Each structure stands twice: as structure tokens, then as C-alpha cells.
Amino acid sequence: MIGIEILKGRCTSCGLCLSECPFGAIIMDGDVVAITDACTLCGACQEGCPSKAILFERKTVSREDVSEYKGILVYAEQSRKVTYELLGEARRLADKLGCNVSAVLIGKDLQGEAQELISFGADVVFAADNPSLALFNDEIHAHILTELIRQHKPEIVLIGATIYGRSIAPRVSARLDTGLTADCTLLDIEDGTGVLLQTRPAFGGNLMATIVCRERRPQMATVRPGILKPLPVDVARQGTVVFMEVKFPKSVRTKVVDVFLVALGDVNLGEAEVVVAVGKGIGSQDNMSLAEDLAKVLGGVVGASRAVVDAGWIEYSRQIGQTGKTVAPKLYIACGLSGAVQHTAGMVNAETIVAINKDPDAPIFKIAHVGIVGDVRHVLPEITKLIKEKKA
Ligand SMILES: Cc1cc2nc3c(=O)[nH]c(=O)nc-3n(C[C@H](O)[C@H](O)[C@H](O)COP(=O)(O)OP(=O)(O)OC[C@H]3O[C@@H](n4cnc5c(N)ncnc54)[C@H](O)[C@@H]3O)c2cc1C
Ligand code: SF4
Ligand code: SF4
């Protein structure tokens, strides 16, 4: 845990720190300096104080506390592919650590699904099964997950970096006073220490940072969907399902009345086997139909770079990359797309990458398995025509 304090005996009320704080969290109350709730504990003000009056306190736990934690816990989202991906990775990490994999499933009528989690790699499934849990509520899920972690003390907790996971993971880590690495793309175990190595893009995707949490437990990470590989399903796998006594939080501020899917046509970008991704090189919104035609003959879906989304040629839900969706299709066709790191962060795990670009030095060719140098507006209709002829 970390805290900030103004040392009254040292502070001269010079006010210099007020302008140092990027969050406007330092105020002058008369001639007394105070820190408000807006403080994010970023630390920027400390260096700026000439009187060394700003103190950060860090509390650590001993190695002994850390050693009480064992096993890997996966937060299982109902009927979502990311859960199976996390279980596969948890299994791999657990085999290195020599520990168990458990999963927590929260919802209604969970018996069948709990069994499925076992066939994808869980040894134990904790099921919080209650009719009132039919609809996702982040406050309740965060409470149940926090209490389960307090009781069972897993050393690692893995959560999908989905809208659900992103909503509950920070709440849980804050309640447990532990670290959370969001949006990991790679996980591993450090030789010798058994500490979780959590790798994620940093500085706008220009660097890959490996983050460790040595002093607190559990080590918590969210992982982007579509990056890790699930294990092959094994229906004969044995495991234990533990139906938990569900304890609801004392007060819940949010009431979930209904959940409905926003109609996005037939698009399921994250799970598509073929993605035709459009970049700014397509030239105009009218030309988007060239990509749609190709996607149609291949049974795929159209995705896009941020530049295309920003131009308003397609909706944000189709954006692929660091600030969009992550995809890992069998075939990825990049059409007039430069291949900026922020884009490739969301598609680099595609099995086969075909790139069409008029610039032979475009970065996308560095990761493409097949490259076509040419004008995408001419190449796309040609490919579509050839495939149609082949299919006829
Ligand atoms: C914090 C941050 C987050 C970001 N997140 C994302 C993200 O999630 N996803 C994302 O995609 N981007 C993201 N970006 C933006 C990213 O950096 C690039 O600007 C963007 O991906 C470029 O899109 P583009 O390749 O379509 O366009 P451009 O960079 O304009 O490239 C167009 C390409 O098309 C080629 N071309 C032009 N005309 C033709 C033609 N007629 N035929 C064939 N080729 C042609 C050009 O040679 C060029 O390579 C992010 C940026 C930042 C700073
Ligand atoms: S730690 Fe950061 S947010 Fe908090 S008062 Fe200092 S500068 Fe502002
Ligand atoms: S810079 Fe230091 S001495 Fe000056 S007001 Fe802020 S805390 Fe006090």
C-alpha cells in the first residue's frame, strides 16, 4: 500500500507543489497545503518540493506472507472464449510452478459450464450459483472474487481484458492492496523465484514492458482476448466443482435491469477465421465495398485501422489494435494498411498474414507471410474475382 503525506513541520506553504500536480490534487486551505481525493499517487509533486515536505509511504509484506499464497485462479466469464484461453495459459504456468488451477464462475445454473471449465484445464471450479446472479453486476462480482481470494489465497489471478474483466479487476486489486498489470500479451514464470512475468505494450506500443509484483499477493493480470491459445478440450478430464455459499455485499449501488446485445450485423471480429482489414490506403468510404466483397466470398468479416475509424468510414467496433480489438484469425488480409505497432499489437498472432500495399517498404511487409505490392483498389477486385471463379 502507498500513501502520501505533507509533513507539517517542514512545509513552508510556498505553494510550488500546486503547479507540479497534473491532477490539480493539491490545494491551499488558507496557508495549509492539503491533498485531495483527486490524487493518483503519481509522485510528480515530490521532486518539486524544495523543503522535502512531501512523503510517500510504502507498506510491504514479508516473504512469509507471500509464501502463504498457492495456485492460479482464473475469473471465468460465462460462455466466453477468453476464459478457455486463460485456462490454457494458467495450466501451462501451473505446470511450471507445480500447482493447481482453479476457476471462479459466477452466475445462474452453472453445473454444465463448471464441468466445461474442467475439460479446458481447471482442477477446481468455485461456482457462485444463484438466480440473482443471472445478470453481470461488477460490484457483486468484485465482492465475490475478493472474498474468494482472501479465503483461498491464490498466488496468481488471471482475468480477461474484456469490458467485464476491466471493470472488476481494478476494484479487486485495490481491495486486496495488490498490483494489477492490465492488458498483458505474454505471461511467464521467472526462473528461480517463481514470480509471474507480465508483459504488455507500453509507451504507445513502442516498447514491451515486463512487469513483476514481488511484494504483494496475489499477482493479478488481465489478458487480452484472442492472444493466448486454449488447450484442446478433454471431456474425460477430472476435477472438482465447489458450490460456494454466495455472500452478497452489504450495499450495492448499481441495479442491473437488463442486458442486451447491440446489433452489429453478423460481425464477430474477435472470433472470425478470416479478417479483411482496411487501412487508409483504401482511399475513400465508397471503396470500403471492395473489402466487404472479398470478406463475403471468403466467409470473413471486415476490420479496420484506427485511421479508417477516425475518418468515419467504419464504426469503432471494427477497429483492430492497441485501442481496438485483438484478433487471431486463420487469415488476415491487410489492405492499404501501413502496419503501425499500435495496429499490429492487435493482429500479430494471425496464422497467415497477407498484405497489399503500394509501398514496398511499408512496415506491414515485415510481418506478412505473403506480400502484394500494388494499388489495393485494383488488387482487391482481382482477388475477389479469382476466388469467385475458383468457387464456381
Ligand atoms: C496511443 C495510440 C493508440 C493507437 N491505437 C491504434 C489501434 O488500436 N489501431 C490502429 O490501427 N491504429 C492505432 N493507432 C494509430 C496508428 O499509430 C496508425 O496511425 C494507424 O494504424 C495508421 O492507419 P493506416 O495504416 O490505415 O494509415 P496510414 O498510416 O495512413 O497508412 C496507409 C497505408 O496505405 C498505403 N497505401 C496508400 N494508398 C494505397 C493504395 N492505393 N494501395 C495500396 N496501399 C496504399 C500506404 O503506403 C500506407 O502504408 C494508435 C496510435 C496511438 C498513438
Ligand atoms: S502524487 Fe501526483 S496526483 Fe498526488 S498530489 Fe502529488 S502530483 Fe498530485
Ligand atoms: S512545495 Fe513543499 S514546502 Fe512548498 S507548499 Fe508544497 S509541500 Fe509545502
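The values are calculated or read from the model by the stated rules, or taken from the named source; none is laboratory data. Values in this document were obtained by computation on a predicted structure and should not be read as measured data. Positions of Cβ are backbone-derived with ideal geometry, glycine not excepted, and every protein chain shown enters the neighbour counts. Please note that ligands, DNA and RNA were not included when accessible areas were found on the heavy atoms of the full protein model with its side chains. Shrake-Rupley method; radii C 1.70, N 1.55, O 1.52, S 1.80 Å.
Quick look at the numbers
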{"quantity": "Using alpha-carbon coordinates, inclination of helix 163-175 to the longest axis of the chain, degrees", "calculated": "20"}
{"quantity": "Compactness of the stretch 239-392 as Cα Rg over 2.2 N^0.38 Å, two decimals", "calculated": "1.29"}
{"quantity": "Average projection area in nm² (convex hull over Cα atoms of the chain, one quarter of hull surface)", "calculated": "25.3"}
{"quantity": "Beta bridge orientation in the stretch 1-121: antiparallel %, DSSP, nearest 5", "calculated": "65"}
{"quantity": "Among 30-39, 172-181, the order from most to least packed when residues are scored by Cβ within 10 Å on average", "calculated": "172-181, 30-39"}
{"quantity": "Portion, in percent, of the accessible area of the chain that falls on carbon or sulfur, probe 1.4 Å", "calculated": "53"}
{"quantity": "Within straight-line cross-link reach of Lys70, aspartates and glutamates at Cα separation under 20 Å, skipping those fewer than 8 residues along the same chain", "calculated": "Glu89, Asp95, Asp123, Glu147, Glu155, Asp177, Asp188, Glu190, Asp191, Glu215"}
{"quantity": "Protection proxy ranking of 46-54, 218-226 - average other beta-carbon atoms within 10 Å, highest first", "calculated": "218-226, 46-54"}
{"quantity": "Pairwise Cα inverse-distance average, inverted: Kirkwood Rh of the stretch 2-58 (Å)", "calculated": "11.2"}
{"quantity": "Percent antiparallel among DSSP beta bridges (both partners in the stretch 63-243, rounded to 5)", "calculated": "25"}
{"quantity": "Across Lys108/Lys153; Lys108/Lys250; Lys229/Lys385; Lys280/Lys330, pairs whose alpha-carbon gap is larger than 27 Å", "calculated": "Lys229/Lys385"}
{"quantity": "On Cα atoms only, tilt of 288-298 relative to the major axis of the chain in degrees", "calculated": "80"}
{"quantity": "Hull shadow area, averaged, the stretch 108-166 [alpha-carbon convex hull, nm²]", "calculated": "4.6"}
{"quantity": "Between 0 and 90°, nearest 10: helix 376-391 axis offset from the chain longest Cα axis", "calculated": "70"}
{"quantity": "Convex hull volume per residue in cubic angstrom - Cα atoms of the stretch 33-133", "calculated": "191"}
{"quantity": "Tail fraction, Cα-Cα pairs, the stretch 63-243, threshold 28 Å, whole percent", "calculated": "16"}
{"quantity": "Environment charge at Thr210 (Cβ cut-off 14 Å; Lys +1, Arg +1, Asp -1, Glu -1)", "calculated": "-2"}
{"quantity": "The chain: antiparallel DSSP beta bridges as a percent of all, rounded to 5", "calculated": "30"}
{"quantity": "Ranked packing of 287-295, 228-236, most packed first, by mean Cβ within 10 Å", "calculated": "287-295, 228-236"}
{"quantity": "Net charge dipole size for the chain [Lys, Arg +1 and Asp, Glu -1 on Cβ; Debye, nearest 20]", "calculated": "140"}
{"quantity": "Percent RCO, i.e. relative contact order, over the chain, from Cα pairs under 8 Å lying at least 6 residues apart", "calculated": "12"}
